[in-house]
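Asker: Quick one: structure below, then a few questions.
The values are calculated or read from the model by the stated rules, or taken from the named source; none is laboratory data. Just so it is clear, the structure is predicted and the values come from calculations on it, not from any experiment. Neighbour counts are summed over all protein chains in view; Cβ atoms, including those assigned to glycine, are modelled from backbone coordinates with ideal geometry. Keep in mind that these areas ignore ligands, DNA and RNA; they rest on the heavy atoms of the full protein, side chains included. Shrake-Rupley method; radii C 1.70, N 1.55, O 1.52, S 1.80 Å.
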Amino acid sequence: MTPTEPLTRGTAAAAVRPPLPVKMVIAGGFGVGKTPTVGSISEIEPLTTEASITEVAAGVDDLTHTPRKTTTTVAMDFGCITIDPTLKLYLFGTPGQERFGFMWDDIVEGAVGGLVIVDTRRLDDCYAAVDYFEHKEIPFAVAVNAFDGQVEHTLDEVRWALDVSDGVPVVVFDARERGSVRDALLVVLELALARTEN
């Protein structure tokens, strides 16, 4: 046996080690693009808990800016993406309506961070998510979804309106574009990594 053989065996064992599982939460108000975000990046067929919007729900949920929306998430969305051979990201999308807020603690438990998706036409819909992550002291980034390729306000205006600290990244992304979603998720991962190093 040569001195290099044990090292070679150890390297081979490390190469087949499964990637580290990391949990991230996708949050935000009703109809901001959480389900499309998970669906556009997931390497598996995403698990969704979509239910038809009934006449009763339509009277509760504001469909003004989402008139074509016919379903809504009633529990969570789930998907995953392998970032590299050492890291696999598991995505959990929350329901957007406040009446489903009782599920958030279970969904968020163990998450390294969150991505709060914002529709600038109705910023007040995401206050609850921002407040939740701030209260739980979970690292998060704000991702402004560019509906129809446009945003109604600048990122500085969004930051001011949400009253988030300078340590909270505010980015623009497109929930339908895989590369754009990836970049937004990487912002949260970097934030979470920086938190562990401090």
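Asker: Within region 137-151, count every residue that is at pLDDT 90 or above and either open to solvent by less than 60 Å² (accessible area, probe 1.4 Å) or touching a helix residue (DSSP H, G or I) at 6+ places or on another chain (Cβ under 7 Å) (or both).
Answerer: 9
Asker: Out of all the residues in region 152-168, which are assigned to a loop (DSSP other than H, G, I, E, B) and surrounded by 14 or more Cβ atoms within 10 Å (Cβ to Cβ)?
Answerer: Matches in region 152-168: HIS153, VAL164, VAL168.
Asker: Quick one: which helices (runs of 4 or more DSSP H) sit completely within region 1-111 and have at least 2 residues that are at pLDDT below 90 and open to solvent by 70 Å² or more (accessible area, probe 1.4 Å)?
Answerer: Of the helices (runs of 4 or more DSSP H) lying wholly inside region 1-111, those with at least 2 residues that are at pLDDT below 90 and open to solvent by 70 Å² or more (accessible area, probe 1.4 Å) span 5-15, 55-60, 104-108.
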